[in-house]
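Chemist: Take this structure first; my questions come after.
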Ligand code: UDP
């Protein structure tokens with residue numbers, strides 16, 4: 001059985017969907033702090049799986065999962081992930097992300113489970129020194145969120161040396177889109193991400209979409225990001241798990257497309273795909289936003305034979321379909 005921590009969250013739930021559709025046995029562990037029980041219920045309608053509400057910061061709660069279920073490997077999504085919030089309340093991030101993961105790893109070791117796929121982030125690189133960013137780029141995170149993820153990567157290196165615990169760390173760029181059948185999608189509260197925020201302005205009267213900064217050193221002055229489709233991203237987790245199951249060593253990979261798009265380009269695509277005129281205004285830069293973040297993904301292509309298959313437009317379409325479905329089935 002595969003343990004998925006954070007399986008009620010945006011990315012975790014799409015991974016659970018892919019795993020259950022492959023007929024794999026899954027146990028989801030989630031404290032529902034940012035995850036959503038509605039998503040679990042919707043997933044269970046597709047195919048049943050184990051769901052346990054629990055918190056990684058309580059060792060007994062996570063240890064009981066390993067005692068009660070035959071867990072062979074772990075995909076670890078559970079984390080707080082808002083950069084800005086992490087600068088205001090770093091303790092929240094270090095306790096949940098770092099201490100919570102320490103408990104998870106402790107429970108794994110006590111129960112002799114030695115394979116984990118971990119959600120890391122491009123935020124571990126900090127301000128880019130060059131673009132595209134490859135895995136050899138120095139890791140100098142500039143906010144507590146990125147630091148918490150880098151701490152875990154470092155801890156995993158030490159645990160491999162000492163306890164032979166094998167990990168694959170996937171450093172996500174900007175994850176977007178939803179299930180192609182619109183059964184699940186992104187549900188954050190508050191929503192801070194670009195595409196859901198643009199789409200909100202399609203549905204909510206008087207809600208202007210805010211562009212954060214138009215004076216960046218980019219082709220149109222707005223930030224450039226590498227938008228990777230959530231289903232493509234999930235496939236990489238499944239390949240990473242296969243890699244570990246076949247005896248692969250600890251490794252780490254960027255998960256991005258190598259294609260950079262500006263905020264204005266994403267906005268224009270949203271207008272085109274929805275066929276709606278979306279109201280927009282210009283705001284100041286958001287603290288800690290680098291001008292450009294684009295991945296070099298050659299390592300994961302080569303080692304895991306992964307490649308992205310969905311375009312940004314396809315991701316926007318699925319996000320839009322999900323938004324429509326969710327709003328009419330609240
Ligand atoms: N962004 C924006 N308006 C929003 C949300 C995001 O202009 O309402 C911009 C943000 O400044 C960044 C890009 O969109 O340049 C992607 O932001 P997001 O929060 O989706 O992901 P991040 O890059 O912070 O992980």
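Values in this text are rule-based calculations from the coordinates and carry no lab data. All values derive from a computational prediction rather than experimental measurement. With ideal geometry, Cβ positions are generated from the backbone for all residues, glycine too; neighbour counts draw on all protein chains shown.
Chemist: Which FRET efficiency, nearest 0.05, do residue 130 and residue 302 yield, Cβ-Cβ r, R0 22 Å?
Modeler: Using R0 = 22 Å, I get an efficiency of 0.65.
Chemist: Report, to the nearest 10°, how far helix 100-110 tilts away from the longest principal axis of the Cα atoms in the chain, using its own Cα long axis and a range of 0 to 90°.
Modeler: That helix lies at roughly 30 degrees to the long axis.
Chemist: Additional query: Calculate, for residue 204 and residue 91, the FRET efficiency according to 1/(1 + (r/R0)^6) with r their C-beta to C-beta distance and R0 25 Å; round to the nearest 0.05.
Modeler: With a Förster radius of 25 Å, E is 0.15.
Chemist: For all pairs of alpha-carbon atoms in region 108-190, what percent lies in each bin of width 10 Å, listed from the first bin to the last filled one?
Modeler: 15, 36, 30, 18, 1
Chemist: Follow-up question, since we're still on this one. Round to a whole angstrom and tell me the spacing of the C-alpha centers of region 1-60 and region 315-330.
Modeler: 21
Chemist: Taking 2.2 N^0.38 Å as the expected size of a compact globular protein, what ratio does the Cα radius of gyration of region 1-137 give against it, to two decimals?
Modeler: 1.10
Chemist: Let me ask something else. Let me test this: with uniform point scatterers at the alpha carbons of region 120-250, what is the Debye-based log₁₀ I(q)/I(0) at q = 0.15, 0.16, 0.17 1/Å?
Modeler: Debye output, listed in q order: -0.96, -1.06, -1.16.
Chemist: Going by Cα centres, region 238-259 and region 96-124 are how many Å apart?
Modeler: About 16 Å separates the Cα centre of region 238-259 from the one of region 96-124.
Chemist: If eta is 0.692 mPa s and T is 37 °C, what Stokes-Einstein diffusion coefficient results for region 229-330, Kirkwood Rh from Cα pairs, in µm²/s?
Modeler: This corresponds to a translational diffusion coefficient of 200 µm²/s.
Chemist: Still on this structure, please answer the following. Sorted by mean Cβ packing within 10 Å, highest first, what order do the peptides 310-316, 291-297 take?
Modeler: So the order, starting with the most tightly packed, is 291-297, 310-316.
Chemist: Something else: Hey, could you get me the Stokes-Einstein D for region 250-303, Kirkwood radius over alpha-carbon pairs, 37 °C and 0.692 mPa s, rounded to whole µm² s⁻¹?
Modeler: 232
Chemist: Then there is this: Please give the calculated 222 nm ellipticity per residue for the chain, where each DSSP H segment of at least 4 residues contributes -39500 (n - 2.57) and the sum is spread over every residue; nearest 500 deg cm²/dmol?
Modeler: -12500 deg cm²/dmol
Chemist: Let me ask another. For the chain, what ratio Rg/Rh do Cα atoms give with a Kirkwood hydrodynamic radius?
Modeler: My calculation of the ratio gives 0.95.
Chemist: Of the listed peptides 110-120, 157-167, what is their order by residue-averaged count of other C-beta atoms within 10 Å, with the highest listed first?
Modeler: Put in order of decreasing packing, that is 110-120, 157-167.
Chemist: Next question, about the same structure. Looking at the chain, what % of its DSSP beta bridges pair antiparallel, to the nearest 5?
Modeler: 5
Chemist: By how many degrees, 0 to 90 and rounded to 10, does the Cα axis of helix 10-21 deviate from the longest principal axis of the chain?
Modeler: For 10-21 against the chain, the angle is about 60 degrees.
Chemist: Using mean Cβ contacts within 10 Å as the protection proxy, how do 76-88, 195-207 order, highest first?
Modeler: 76-88, 195-207
Chemist: 7 Å from Cα along Cα→Cβ at both residue 217 and residue 155: what's the point-to-point distance in nm?
Modeler: Placing both labels 7 Å beyond Cα along the Cβ direction yields 3.7 nm.
Chemist: While we're on this one: What FRET efficiency comes out for the pair residue 45/residue 286, r = Cβ-Cβ distance, R0 = 30 Å, nearest 0.05?
Modeler: 0.20
Chemist: Working from Cα positions, state the angle (0 to 90°, nearest 10) between the long axis of helix 263-274 and the longest principal axis of the chain.
Modeler: The answer is roughly 80 degrees.
Chemist: Moving on to the next point. Give me the percent relative contact order of the chain, please, defined on Cα pairs under 8 angstrom at least 6 residues apart.
Modeler: Once normalised by length, the contact order is 19 percent.
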